[in-house]
1. Which numbered condition trips up A163, out of (1) open to solvent by 10 Å² or more (accessible area, probe 1.4 Å); (2) in contact (Cβ under 8 Å) with a residue 60 or more places away in the chain?
2. In this structure, does P215 turn out to be within 21 Å of Q275 (Cα to Cα) and in contact with a strand residue (DSSP E or B) (Cβ under 9 Å, 6 or more places away or on another chain)?
3. Just a yes or no: is a residue in region 146-165 touching a Cys at 6+ places or on another chain (Cβ under 6 Å) and closer than 30 Å to D204 by Cβ?
4. I need a count of the residues in region 106-137 that are part of a loop (DSSP other than H, G, I, E, B) and either over 23 Å from the mean Cα position of the chain (by Cα) or within 20 Å of V358 (Cα to Cα) (or both).
5. Quick one: count up the residues across region 184-212 that are buried (at least 22 other Cβ atoms within 10 Å of the Cβ) and either under 21 Å from L257 (Cα atoms) or among the small types (G, A, S) (or both).
6. Just for region 25-44: of the residues that are in a strand (DSSP E or B), of a type in the set (A, V, I, L, M, F, W, C) and buried (at least 18 other Cβ atoms within 10 Å of the Cβ), which one is nearest to the chain's Cα centre (by Cα)?
7. With the condition kept exactly as written, say whether any residue in region 314-330 is surrounded by 21 or more Cβ atoms within 10 Å (Cβ to Cβ), more than 13 Å from ligand 2 (Cβ to nearest atom) and at pLDDT 95 or above.
8. Assigned to a helix (DSSP H, G or I), over 19 Å from R61 (Cβ atoms) and in contact with a Pro (Cβ under 7 Å, 6 or more places away or on another chain): does that describe R426?
Amino acid sequence: MRESRYNVWEERADAAYVYNGVSGALLRIVSEDLPGVRGYLAGEREAEERCSPALLADLIRGRMLVRDEFDELGFLASRYHLGRHDTRSFALTLVTSLGCNFDCPYCFEAKHPSIMNADVQAAVLRVLDDKLPEITSFSVTWYGGEPLVGKRSLLALSDEFIARCDAHDVFYRADIITNGSLLDEQTCAELRERRVGTCQVTLDGPPEIHDRMRPTAGGRGTFWGIVKNLRHAVAYLDVVVRVNIGGQNFDRVEELLQMLAAEGFAGKLTVYPGQLVGVDDGAAAPSATYGHHCFTSPEFARAQQAFQDLTERYGFSSPSLPRATSAPCTAVRANELIVGSKGELYKCFESVGNRLEVIGDIHQYQEANGRLEKWLKYDPFADTECRECVALPVCMGGCAHHAMDPKLYNNRCDTFRYTYQEQVGRFVDMAEREGLEGLASATNVAARMEKAR
Ligand code: SF4
Ligand code: SF4
(Lines give C-alpha, C1' and ligand atoms only; values in the text may rest on other atoms or scores of the structure.)
(Ligands and ions follow the chains in the order given, each with its own letter.)
Protein backbone atom coordinates (compact mmCIF):
# COMPACT_ATOMS: atom_id res chain seq x y z
CA MET A 1 0.00 0.00 0.00
CA ARG A 2 1.10 3.60 -0.51
CA GLU A 3 -0.12 7.07 0.31
CA SER A 4 -2.59 8.82 -2.03
CA ARG A 5 -1.18 11.76 -3.96
CA TYR A 6 -4.33 13.71 -3.02
CA ASN A 7 -3.75 13.77 0.75
CA VAL A 8 -3.33 17.10 2.55
CA TRP A 9 -1.91 16.90 6.09
CA GLU A 10 -2.42 19.36 8.90
CA GLU A 11 -0.64 19.06 12.26
CA ARG A 12 -2.04 20.05 15.65
CA ALA A 13 -0.65 19.75 19.20
CA ASP A 14 -2.04 16.28 20.01
CA ALA A 15 -3.10 14.96 16.62
CA ALA A 16 -2.62 15.15 12.87
CA TYR A 17 -5.42 15.41 10.34
CA VAL A 18 -5.40 14.14 6.78
CA TYR A 19 -7.89 15.21 4.12
CA ASN A 20 -8.27 13.32 0.88
CA GLY A 21 -9.70 15.04 -2.19
CA VAL A 22 -10.86 11.84 -3.94
CA SER A 23 -13.12 10.82 -1.05
CA GLY A 24 -13.70 14.27 0.53
CA ALA A 25 -13.02 12.61 3.92
CA LEU A 26 -11.05 13.90 6.88
CA LEU A 27 -9.28 11.60 9.37
CA ARG A 28 -7.97 12.55 12.81
CA ILE A 29 -4.94 10.53 13.93
CA VAL A 30 -3.96 10.90 17.57
CA SER A 31 -0.29 11.53 18.40
CA GLU A 32 0.36 8.01 19.78
CA ASP A 33 -0.61 6.48 16.43
CA LEU A 34 1.40 8.88 14.28
CA PRO A 35 4.87 7.24 14.39
CA GLY A 36 3.35 3.93 13.29
CA VAL A 37 1.37 5.57 10.44
CA ARG A 38 4.38 7.59 9.30
CA GLY A 39 6.60 4.51 9.36
CA TYR A 40 3.99 2.54 7.42
CA LEU A 41 3.70 5.28 4.79
CA ALA A 42 7.50 5.38 4.53
CA GLY A 43 7.45 1.65 3.72
CA GLU A 44 8.97 0.36 6.98
CA ARG A 45 7.80 -3.23 7.22
CA GLU A 46 7.67 -3.53 11.00
CA ALA A 47 5.59 -0.32 11.25
CA GLU A 48 2.41 -2.21 10.30
CA GLU A 49 2.49 -3.91 13.70
CA ARG A 50 2.41 -0.47 15.35
CA CYS A 51 -0.73 0.57 13.41
CA SER A 52 -4.10 -0.60 14.62
CA PRO A 53 -6.06 -2.53 11.95
CA ALA A 54 -8.99 -0.13 12.55
CA LEU A 55 -6.81 2.88 11.75
CA LEU A 56 -5.45 1.24 8.59
CA ALA A 57 -9.02 0.38 7.56
CA ASP A 58 -10.02 4.04 8.03
CA LEU A 59 -7.07 5.19 5.92
CA ILE A 60 -8.15 2.82 3.15
CA ARG A 61 -11.85 3.76 3.39
CA GLY A 62 -10.90 7.44 3.22
CA ARG A 63 -8.78 6.67 0.11
CA MET A 64 -5.75 8.08 1.93
CA LEU A 65 -4.00 4.75 1.49
CA VAL A 66 -4.21 2.99 -1.88
CA ARG A 67 -2.86 -0.24 -3.33
CA ASP A 68 0.63 0.10 -4.85
CA GLU A 69 -0.63 -0.64 -8.35
CA PHE A 70 -3.79 1.49 -8.08
CA ASP A 71 -3.94 4.12 -10.86
CA GLU A 72 -5.49 7.16 -9.13
CA LEU A 73 -5.35 9.29 -12.26
CA GLY A 74 -7.07 6.54 -14.28
CA PHE A 75 -9.73 6.23 -11.57
CA LEU A 76 -10.41 10.00 -11.71
CA ALA A 77 -10.50 9.95 -15.51
CA SER A 78 -13.19 7.28 -15.49
CA ARG A 79 -15.10 9.18 -12.77
CA TYR A 80 -14.97 12.24 -15.06
CA HIS A 81 -16.13 10.25 -18.08
CA LEU A 82 -19.03 8.61 -16.20
CA GLY A 83 -20.08 11.94 -14.63
CA ARG A 84 -20.09 13.81 -17.92
CA HIS A 85 -22.16 11.10 -19.65
CA ASP A 86 -24.54 10.42 -16.75
CA THR A 87 -28.00 9.98 -18.31
CA ARG A 88 -29.95 9.52 -15.05
CA SER A 89 -30.02 13.20 -14.21
CA PHE A 90 -31.03 15.99 -16.54
CA ALA A 91 -30.45 19.71 -15.97
CA LEU A 92 -31.51 22.85 -17.78
CA THR A 93 -30.52 26.45 -17.25
CA LEU A 94 -33.39 28.54 -18.54
CA VAL A 95 -33.03 32.15 -19.60
CA THR A 96 -36.59 33.41 -19.20
CA SER A 97 -35.48 36.95 -20.09
CA LEU A 98 -32.23 37.93 -21.74
CA GLY A 99 -33.12 41.53 -21.00
CA CYS A 100 -32.09 42.91 -17.63
CA ASN A 101 -33.16 45.96 -15.62
CA PHE A 102 -29.52 46.42 -14.48
CA ASP A 103 -26.52 47.60 -16.48
CA CYS A 104 -23.41 46.25 -14.74
CA PRO A 105 -20.12 47.34 -16.33
CA TYR A 106 -18.57 43.87 -15.80
CA CYS A 107 -21.47 41.80 -17.23
CA PHE A 108 -20.20 39.04 -19.53
CA GLU A 109 -23.45 38.83 -21.49
CA ALA A 110 -24.21 40.64 -24.73
CA LYS A 111 -27.88 41.24 -23.97
CA HIS A 112 -30.58 41.44 -26.64
CA PRO A 113 -33.80 41.95 -24.63
CA SER A 114 -36.38 39.20 -25.20
CA ILE A 115 -38.75 37.14 -23.04
CA MET A 116 -39.18 33.37 -23.45
CA ASN A 117 -42.43 32.94 -25.39
CA ALA A 118 -45.06 30.16 -25.34
CA ASP A 119 -43.58 28.42 -28.39
CA VAL A 120 -40.14 28.07 -26.74
CA GLN A 121 -41.78 26.98 -23.47
CA ALA A 122 -43.68 24.22 -25.34
CA ALA A 123 -40.42 23.06 -26.95
CA VAL A 124 -38.73 22.92 -23.50
CA LEU A 125 -41.57 20.74 -22.23
CA ARG A 126 -41.24 18.39 -25.20
CA VAL A 127 -37.56 17.93 -24.38
CA LEU A 128 -38.41 17.10 -20.77
CA ASP A 129 -41.09 14.63 -21.96
CA ASP A 130 -38.43 12.88 -24.07
CA LYS A 131 -36.11 12.63 -21.08
CA LEU A 132 -38.57 11.63 -18.34
CA PRO A 133 -38.60 7.86 -18.99
CA GLU A 134 -34.81 7.60 -18.47
CA ILE A 135 -34.06 10.07 -15.64
CA THR A 136 -34.39 10.00 -11.85
CA SER A 137 -33.79 13.71 -11.24
CA PHE A 138 -34.36 16.97 -13.07
CA SER A 139 -32.89 20.26 -11.93
CA VAL A 140 -33.41 23.76 -13.23
CA THR A 141 -31.48 26.99 -12.79
CA TRP A 142 -33.51 30.10 -13.58
CA TYR A 143 -31.12 32.53 -15.19
CA GLY A 144 -31.03 35.72 -17.26
CA GLY A 145 -30.51 38.59 -18.11
CA GLU A 146 -32.82 38.89 -15.17
CA PRO A 147 -35.02 35.78 -14.86
CA LEU A 148 -37.73 37.60 -12.89
CA VAL A 149 -38.30 39.99 -15.80
CA GLY A 150 -39.64 36.78 -17.38
CA LYS A 151 -41.49 35.67 -14.23
CA ARG A 152 -44.66 34.64 -16.05
CA SER A 153 -42.84 31.98 -18.10
CA LEU A 154 -40.83 30.93 -15.04
CA LEU A 155 -44.01 30.22 -13.06
CA ALA A 156 -45.84 28.57 -15.95
CA LEU A 157 -42.91 26.27 -16.75
CA SER A 158 -42.37 25.45 -13.07
CA ASP A 159 -45.97 24.25 -12.72
CA GLU A 160 -45.57 22.00 -15.75
CA PHE A 161 -42.19 20.66 -14.59
CA ILE A 162 -43.56 19.80 -11.15
CA ALA A 163 -46.67 18.08 -12.53
CA ARG A 164 -44.66 16.03 -15.03
CA CYS A 165 -41.88 15.06 -12.59
CA ASP A 166 -44.32 14.09 -9.85
CA ALA A 167 -46.29 11.93 -12.31
CA HIS A 168 -43.06 10.11 -13.28
CA ASP A 169 -41.62 9.91 -9.76
CA VAL A 170 -38.66 12.07 -10.85
CA PHE A 171 -37.03 14.27 -8.22
CA TYR A 172 -37.35 17.97 -9.15
CA ARG A 173 -35.50 20.95 -7.73
CA ALA A 174 -34.70 24.46 -8.85
CA ASP A 175 -32.60 27.47 -7.95
CA ILE A 176 -32.47 31.01 -9.21
CA ILE A 177 -29.71 33.51 -9.98
CA THR A 178 -31.29 36.95 -9.76
CA ASN A 179 -30.18 40.53 -9.23
CA GLY A 180 -32.69 40.68 -6.34
CA SER A 181 -34.48 43.84 -7.41
CA LEU A 182 -37.79 42.10 -8.24
CA LEU A 183 -37.87 39.75 -5.24
CA ASP A 184 -40.97 41.17 -3.57
CA GLU A 185 -42.60 39.03 -0.90
CA GLN A 186 -45.26 37.59 -3.19
CA THR A 187 -42.56 36.53 -5.68
CA CYS A 188 -40.58 34.82 -2.91
CA ALA A 189 -43.71 32.87 -1.90
CA GLU A 190 -44.40 31.95 -5.53
CA LEU A 191 -40.84 30.72 -5.99
CA ARG A 192 -40.97 28.59 -2.86
CA GLU A 193 -44.26 27.05 -3.99
CA ARG A 194 -42.46 26.19 -7.25
CA ARG A 195 -39.71 24.32 -5.33
CA VAL A 196 -37.05 26.96 -5.84
CA GLY A 197 -34.64 26.26 -2.98
CA THR A 198 -31.59 28.49 -3.32
CA CYS A 199 -31.66 32.07 -4.48
CA GLN A 200 -28.38 33.77 -5.41
CA VAL A 201 -28.31 37.56 -5.23
CA THR A 202 -25.33 39.85 -5.75
CA LEU A 203 -24.20 42.76 -3.56
CA ASP A 204 -20.81 44.16 -4.49
CA GLY A 205 -20.09 46.36 -1.48
CA PRO A 206 -21.66 49.10 0.62
CA PRO A 207 -24.15 51.32 -1.28
CA GLU A 208 -21.57 53.72 -2.70
CA ILE A 209 -19.62 50.84 -4.29
CA HIS A 210 -22.49 48.50 -5.14
CA ASP A 211 -24.50 51.22 -6.87
CA ARG A 212 -21.53 52.02 -9.08
CA MET A 213 -20.94 48.36 -9.97
CA ARG A 214 -24.61 47.32 -10.27
CA PRO A 215 -26.74 50.32 -11.33
CA THR A 216 -30.14 50.09 -13.02
CA ALA A 217 -30.28 50.44 -16.79
CA GLY A 218 -31.21 54.09 -16.09
CA GLY A 219 -28.14 54.59 -13.84
CA ARG A 220 -29.91 54.58 -10.45
CA GLY A 221 -28.65 52.85 -7.29
CA THR A 222 -29.98 49.37 -6.43
CA PHE A 223 -28.45 48.52 -3.03
CA TRP A 224 -31.28 49.41 -0.66
CA GLY A 225 -34.00 47.96 -2.89
CA ILE A 226 -32.21 44.60 -2.81
CA VAL A 227 -31.64 44.71 0.96
CA LYS A 228 -35.33 45.51 1.49
CA ASN A 229 -36.23 42.41 -0.53
CA LEU A 230 -33.74 40.22 1.34
CA ARG A 231 -35.56 40.99 4.61
CA HIS A 232 -38.48 38.82 3.51
CA ALA A 233 -36.60 36.56 1.05
CA VAL A 234 -34.70 34.84 3.89
CA ALA A 235 -38.01 33.58 5.29
CA TYR A 236 -38.84 31.77 2.05
CA LEU A 237 -35.59 30.83 0.34
CA ASP A 238 -32.00 29.82 1.11
CA VAL A 239 -30.36 33.10 0.21
CA VAL A 240 -26.76 33.17 -0.93
CA VAL A 241 -25.18 36.59 -1.44
CA ARG A 242 -22.39 36.68 -3.98
CA VAL A 243 -19.90 39.52 -3.73
CA ASN A 244 -17.90 39.97 -6.93
CA ILE A 245 -14.48 41.06 -5.77
CA GLY A 246 -11.64 42.76 -7.57
CA GLY A 247 -9.15 45.56 -7.03
CA GLN A 248 -11.85 48.21 -7.08
CA ASN A 249 -13.98 46.95 -4.15
CA PHE A 250 -12.14 44.37 -2.05
CA ASP A 251 -11.12 46.83 0.66
CA ARG A 252 -14.81 47.75 1.22
CA VAL A 253 -16.12 44.20 1.77
CA GLU A 254 -16.00 44.47 5.57
CA GLU A 255 -18.29 47.52 5.49
CA LEU A 256 -20.83 45.52 3.50
CA LEU A 257 -20.71 42.67 6.02
CA GLN A 258 -21.10 45.10 8.93
CA MET A 259 -24.20 46.56 7.25
CA LEU A 260 -25.69 43.12 6.64
CA ALA A 261 -24.98 42.15 10.26
CA ALA A 262 -26.64 45.37 11.49
CA GLU A 263 -29.67 44.41 9.39
CA GLY A 264 -29.90 41.14 11.38
CA PHE A 265 -28.92 38.82 8.51
CA ALA A 266 -26.15 36.94 10.36
CA GLY A 267 -26.95 33.21 10.40
CA LYS A 268 -29.88 33.77 8.00
CA LEU A 269 -27.97 33.95 4.74
CA THR A 270 -24.52 33.01 3.47
CA VAL A 271 -22.05 35.29 1.72
CA TYR A 272 -19.31 34.15 -0.65
CA PRO A 273 -16.86 35.87 -3.01
CA GLY A 274 -17.08 35.65 -6.80
CA GLN A 275 -14.21 36.21 -9.20
CA LEU A 276 -14.65 38.80 -11.92
CA VAL A 277 -13.07 38.00 -15.27
CA GLY A 278 -12.77 40.24 -18.31
CA VAL A 279 -14.27 38.10 -21.08
CA ASP A 280 -13.74 39.26 -24.64
CA ASP A 281 -15.42 36.73 -26.95
CA GLY A 282 -16.01 39.19 -29.75
CA ALA A 283 -19.65 39.62 -28.67
CA ALA A 284 -19.20 43.17 -27.31
CA ALA A 285 -20.24 42.21 -23.76
CA PRO A 286 -19.43 44.95 -21.18
CA SER A 287 -16.82 42.76 -19.42
CA ALA A 288 -14.56 42.87 -22.51
CA THR A 289 -13.17 46.17 -21.24
CA TYR A 290 -13.19 45.32 -17.52
CA GLY A 291 -10.13 43.05 -17.20
CA HIS A 292 -7.87 45.66 -15.56
CA HIS A 293 -10.00 45.56 -12.35
CA CYS A 294 -9.90 41.77 -12.05
CA PHE A 295 -7.79 39.60 -9.74
CA THR A 296 -5.70 36.84 -11.26
CA SER A 297 -6.59 33.38 -9.99
CA PRO A 298 -3.78 33.22 -7.36
CA GLU A 299 -4.75 36.74 -6.19
CA PHE A 300 -8.37 35.72 -6.00
CA ALA A 301 -7.48 32.57 -4.03
CA ARG A 302 -5.65 34.71 -1.41
CA ALA A 303 -8.49 37.25 -1.32
CA GLN A 304 -10.96 34.40 -0.81
CA GLN A 305 -9.14 33.38 2.38
CA ALA A 306 -9.25 36.95 3.76
CA PHE A 307 -12.92 37.13 2.74
CA GLN A 308 -13.61 33.88 4.59
CA ASP A 309 -12.05 35.33 7.77
CA LEU A 310 -14.53 38.19 7.56
CA THR A 311 -17.63 36.13 6.74
CA GLU A 312 -16.86 33.78 9.64
CA ARG A 313 -16.35 36.73 11.98
CA TYR A 314 -19.68 38.33 11.06
CA GLY A 315 -21.68 35.06 11.01
CA PHE A 316 -22.12 34.64 7.25
CA SER A 317 -20.27 31.39 6.64
CA SER A 318 -18.44 28.52 8.28
CA PRO A 319 -15.42 26.70 6.86
CA SER A 320 -15.99 24.07 4.23
CA LEU A 321 -13.83 21.89 2.04
CA PRO A 322 -14.44 21.27 -1.64
CA ARG A 323 -16.34 18.11 -2.45
CA ALA A 324 -15.01 15.57 -4.90
CA THR A 325 -16.65 16.16 -8.26
CA SER A 326 -17.06 14.21 -11.46
CA ALA A 327 -17.58 16.81 -14.20
CA PRO A 328 -17.57 20.37 -12.91
CA CYS A 329 -20.23 22.24 -14.88
CA THR A 330 -22.98 22.27 -17.50
CA ALA A 331 -20.50 23.06 -20.25
CA VAL A 332 -18.85 19.64 -20.10
CA ARG A 333 -21.85 17.50 -19.07
CA ALA A 334 -23.59 15.86 -22.01
CA ASN A 335 -27.06 15.82 -20.42
CA GLU A 336 -27.22 19.53 -19.54
CA LEU A 337 -28.18 22.52 -21.66
CA ILE A 338 -28.64 26.25 -21.37
CA VAL A 339 -31.74 27.46 -23.18
CA GLY A 340 -31.77 31.11 -24.28
CA SER A 341 -34.95 33.19 -24.27
CA LYS A 342 -35.45 32.63 -28.01
CA GLY A 343 -34.84 28.89 -27.75
CA GLU A 344 -31.19 29.05 -28.79
CA LEU A 345 -28.93 26.60 -26.97
CA TYR A 346 -25.59 27.14 -25.26
CA LYS A 347 -23.24 25.04 -23.12
CA CYS A 348 -21.50 27.73 -21.08
CA PHE A 349 -22.95 30.46 -18.83
CA GLU A 350 -20.48 32.97 -20.24
CA SER A 351 -21.75 32.28 -23.78
CA VAL A 352 -25.32 33.43 -23.13
CA GLY A 353 -26.24 36.15 -25.61
CA ASN A 354 -23.22 35.43 -27.83
CA ARG A 355 -24.49 34.33 -31.26
CA LEU A 356 -21.04 32.94 -32.07
CA GLU A 357 -21.42 30.36 -29.29
CA VAL A 358 -24.94 29.05 -30.03
CA ILE A 359 -24.81 25.25 -30.37
CA GLY A 360 -28.36 24.63 -31.62
CA ASP A 361 -32.05 25.25 -31.07
CA ILE A 362 -34.45 23.79 -28.49
CA HIS A 363 -36.90 22.82 -31.26
CA GLN A 364 -34.33 20.35 -32.66
CA TYR A 365 -32.24 19.87 -29.55
CA GLN A 366 -30.71 16.61 -30.72
CA GLU A 367 -29.25 18.28 -33.82
CA ALA A 368 -26.50 20.38 -32.29
CA ASN A 369 -24.00 22.08 -34.59
CA GLY A 370 -20.24 21.51 -34.57
CA ARG A 371 -19.70 23.93 -31.67
CA LEU A 372 -20.94 21.35 -29.18
CA GLU A 373 -17.94 19.16 -29.83
CA LYS A 374 -15.33 21.41 -28.23
CA TRP A 375 -17.21 21.26 -24.90
CA LEU A 376 -17.65 17.50 -24.92
CA LYS A 377 -14.04 16.96 -25.97
CA TYR A 378 -12.56 19.12 -23.23
CA ASP A 379 -10.21 16.82 -21.37
CA PRO A 380 -8.34 17.99 -18.26
CA PHE A 381 -6.44 14.69 -18.27
CA ALA A 382 -4.61 15.87 -21.39
CA ASP A 383 -3.31 18.94 -19.51
CA THR A 384 0.06 18.40 -17.81
CA GLU A 385 -0.69 20.87 -15.01
CA CYS A 386 -4.03 19.22 -14.22
CA ARG A 387 -2.47 15.74 -14.21
CA GLU A 388 -0.02 16.86 -11.56
CA CYS A 389 -2.37 19.05 -9.55
CA VAL A 390 -3.44 18.31 -5.97
CA ALA A 391 -6.80 19.98 -6.71
CA LEU A 392 -7.72 17.67 -9.61
CA PRO A 393 -10.31 15.49 -7.74
CA VAL A 394 -12.27 18.56 -6.63
CA CYS A 395 -11.70 20.74 -9.69
CA MET A 396 -11.60 18.31 -12.64
CA GLY A 397 -10.16 20.86 -15.01
CA GLY A 398 -12.06 23.86 -13.65
CA CYS A 399 -13.57 26.25 -16.15
CA ALA A 400 -13.43 24.72 -19.64
CA HIS A 401 -14.23 28.07 -21.25
CA HIS A 402 -11.21 29.72 -19.68
CA ALA A 403 -9.00 26.68 -20.27
CA MET A 404 -9.74 26.82 -24.01
CA ASP A 405 -9.05 30.56 -24.33
CA PRO A 406 -5.32 31.41 -24.27
CA LYS A 407 -6.11 34.84 -22.73
CA LEU A 408 -8.08 33.24 -19.87
CA TYR A 409 -6.19 29.96 -19.46
CA ASN A 410 -4.60 31.03 -16.17
CA ASN A 411 -8.05 31.80 -14.77
CA ARG A 412 -9.40 28.26 -15.13
CA CYS A 413 -8.38 26.90 -11.74
CA ASP A 414 -10.19 26.13 -8.52
CA THR A 415 -8.78 28.15 -5.61
CA PHE A 416 -7.89 24.87 -3.87
CA ARG A 417 -4.84 24.70 -6.16
CA TYR A 418 -3.34 27.79 -4.53
CA THR A 419 -4.64 27.66 -0.95
CA TYR A 420 -5.26 23.97 -0.20
CA GLN A 421 -3.16 24.06 2.95
CA GLU A 422 -4.99 27.12 4.34
CA GLN A 423 -8.38 25.66 3.40
CA VAL A 424 -7.68 22.37 5.15
CA GLY A 425 -6.14 24.20 8.14
CA ARG A 426 -9.21 26.41 8.51
CA PHE A 427 -11.48 23.38 8.36
CA VAL A 428 -9.36 21.47 10.88
CA ASP A 429 -9.70 24.38 13.33
CA MET A 430 -13.45 23.85 13.10
CA ALA A 431 -13.10 20.06 13.40
CA GLU A 432 -11.09 20.59 16.62
CA ARG A 433 -13.90 22.75 18.03
CA GLU A 434 -16.41 20.12 16.89
CA GLY A 435 -14.50 17.32 18.67
CA LEU A 436 -13.93 15.14 15.61
CA GLU A 437 -13.03 11.50 16.23
CA GLY A 438 -11.54 9.18 13.60
CA LEU A 439 -12.82 9.32 10.02
CA ALA A 440 -15.61 11.64 8.88
CA SER A 441 -16.86 13.07 5.65
CA ALA A 442 -15.86 16.73 5.51
CA THR A 443 -19.40 17.51 4.32
CA ASN A 444 -20.90 15.94 7.44
CA VAL A 445 -18.55 17.84 9.74
CA ALA A 446 -19.53 21.11 8.01
CA ALA A 447 -23.24 20.24 8.28
CA ARG A 448 -22.93 19.39 12.01
CA MET A 449 -21.19 22.70 12.63
CA GLU A 450 -23.73 24.61 10.54
CA LYS A 451 -26.54 23.09 12.64
CA ALA A 452 -24.84 24.12 15.86
CA ARG A 453 -24.34 27.68 14.63
S1 SF4 B 1 -6.78 23.69 -10.31
FE2 SF4 B 1 -6.09 24.20 -12.42
S3 SF4 B 1 -4.35 22.81 -12.79
FE4 SF4 B 1 -5.51 22.03 -11.02
S5 SF4 B 1 -6.96 20.53 -11.89
FE6 SF4 B 1 -8.00 22.51 -11.76
S7 SF4 B 1 -7.73 23.47 -13.77
FE8 SF4 B 1 -6.22 21.83 -13.60
S1 SF4 C 1 -17.11 26.55 -18.71
FE2 SF4 C 1 -16.58 28.02 -17.09
S3 SF4 C 1 -17.84 29.86 -17.45
FE4 SF4 C 1 -18.68 28.15 -18.66
S5 SF4 C 1 -20.30 27.30 -17.37
FE6 SF4 C 1 -18.42 26.12 -16.97
S7 SF4 C 1 -17.44 27.12 -15.21
FE8 SF4 C 1 -18.98 28.56 -16.04
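The values are calculated or read from the model by the stated rules, or taken from the named source; none is laboratory data. What you see is a predicted model, and the numbers here were worked out from it, not measured in a lab. Note that each Cβ is placed from the backbone with ideal geometry, even for glycine, and that neighbours are counted across all protein chains shown. Just the protein is used for accessible areas: all its heavy atoms, side chains included, with ligands, DNA and RNA removed. Shrake-Rupley method; radii C 1.70, N 1.55, O 1.52, S 1.80 Å.
1. (2)
2. Taking the combined requirement at face value, the residue satisfies it.
3. yes
4. Adding up the residues that qualify gives 10.
5. Summing the residues that are buried (at least 22 other Cβ atoms within 10 Å of the Cβ) and either under 21 Å from L257 (Cα atoms) or among the small types (G, A, S) (or both) in region 184-212 gives 6.
6. That would be A25.
7. Yes, some residue in region 314-330 is surrounded by 21 or more Cβ atoms within 10 Å (Cβ to Cβ), more than 13 Å from ligand 2 (Cβ to nearest atom) and at pLDDT 95 or above.
8. So R426 passes the test.
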